[in-house]
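The values are calculated or read from the model by the stated rules, or taken from the named source; none is laboratory data. Keep in mind it's a predicted model, so treat the numbers as computed, not measured. Here the Cβ positions follow ideal geometry from the backbone for every residue, glycine too, while neighbour counts run over all protein chains shown.
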Amino acid sequence: MESGKVKFGSRIVSLRKAWRVRRGSTLASYLRRSASFLLVSILLGFLAPSARGAQNNGNQAVFLVARRQIHDPFFEQSVVMMLPATGSPLIVGLIINKPTRVTLGKLFPDSPELQNRTEPAYFGGPVDVRVPSVVFHSPTAPERALHLYGDVYLTFDPDVIATAFQNSEPASIPHLFLGRAQWAPAQFKNEIQRGSWYRVRAESDLIFNANPQGLWRTLHDRAAPSKYIRYRLPANPAPGNRGKRRVYPGDDRL
């Protein structure tokens, strides 16, 4: 059974109160004043230098796809867009396939830019859920945005967030995420060694998939080795290969 939309319950009520935009204010001016965004300067420093419009220095963007044995309530059946490494000791990503039941219009009822938007906010992870970020398309590299891959960028910056929604077209609507996923290196290494995740190369517009709840199954089935493949050595291995593990097509596990 695949995960449905994420329920925030009473947490959404407090978010609405915390993010209520004063009438006549722009979204950018409100976000700039918001106490939630005191963390933005920290995050931008955490993501530097890539957060200042630089390219991704050739790093291949990847998704982590939760394997079936993960039963954590936040990460079960999750697809995580991993952010490029920038020298920080922390490892960060965004869960991209868990829309909440709350629309942008409900979160920002007094924002001229968002009050009529019916798109859902997405649950990006359990860390700092009061700090929104936006993933969006841009033909050029914006300032104060992190390049993910292709023409896809991520920003925590209030002005860039507002501009992304103002300039968006129906075919490329930005996604707003609440929170992020985050690991200490030792914690992440332990999960990898336990075989908790598959790795899939980020491609096309999977972040903006029209069926986000079905994305996990699609990518999991693509990454998981076929159940018809037998993992065994041939009957008579060559002398120099005895005892070595064979690698079969589709075995791209971390």
Fill in the blank from the handout: Cβ pairs under 8 Å, 6+ apart or interchain, first in segment 163-185 and in a strand (DSSP E or B), second among the acidic types (Asp, Glu), ordered by first then second residue, are 175/119; 176/119; 179/128; 180/128; 183/191
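Would you confirm, using the coordinates I've provided, whether residue 100 is assigned to a loop (DSSP other than H, G, I, E, B) and of a type in the set (Ser, Thr, Tyr)?
Working: assigned to a loop (DSSP other than H, G, I, E, B): no; of a type in the set (Ser, Thr, Tyr): yes.
So residue 100 does not fit the description; no.
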Exercise for the section: State which residue is surrounded by the fewest Cβ atoms within 10 Å (Cβ to Cβ) when the search covers only segment 129-154 and only residues that are touching a helix residue (DSSP H, G or I) at 6+ places or on another chain (Cβ under 6 Å) and part of a strand (DSSP E or B). Expected result: 130
Practice task
Might you let me know whether segment 23-42 holds any residue that is in a loop (DSSP other than H, G, I, E, B) and at pLDDT 50 or above?
Solution key: yes
Exercise for the section: State whether the residues of segment 201-212 include one that is modelled with pLDDT of 85 or more and part of a strand (DSSP E or B). Expected result: yes
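Mind checking which residues of segment 123-140 are touching a strand residue (DSSP E or B) at 6+ places or on another chain (Cβ under 9 Å) and farther than 21 Å from residue 101 by Cβ? Talk me through it step by step, then tell me what you get.
The first filter runs over segment 123-140 and keeps only residues touching a strand residue (DSSP E or B) at 6+ places or on another chain (Cβ under 9 Å), leaving 123-138.
Within segment 123-140, 136, 137, 138 qualify.
Per-residue answers, yes or no, for (1) among the acidic types (Asp, Glu); (2) modelled with pLDDT of 85 or more; (3) surrounded by fewer than 18 Cβ atoms within 10 Å (Cβ to Cβ); (4) touching a strand residue (DSSP E or B) at 6+ places or on another chain (Cβ under 6 Å):
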site: 92; (1), (2), (3), (4): no, yes, no, yes
site: 101; (1), (2), (3), (4): no, yes, yes, no
site: 108; (1), (2), (3), (4): no, no, no, no
site: 112; (1), (2), (3), (4): no, no, yes, no
site: 121; (1), (2), (3), (4): no, yes, no, yes
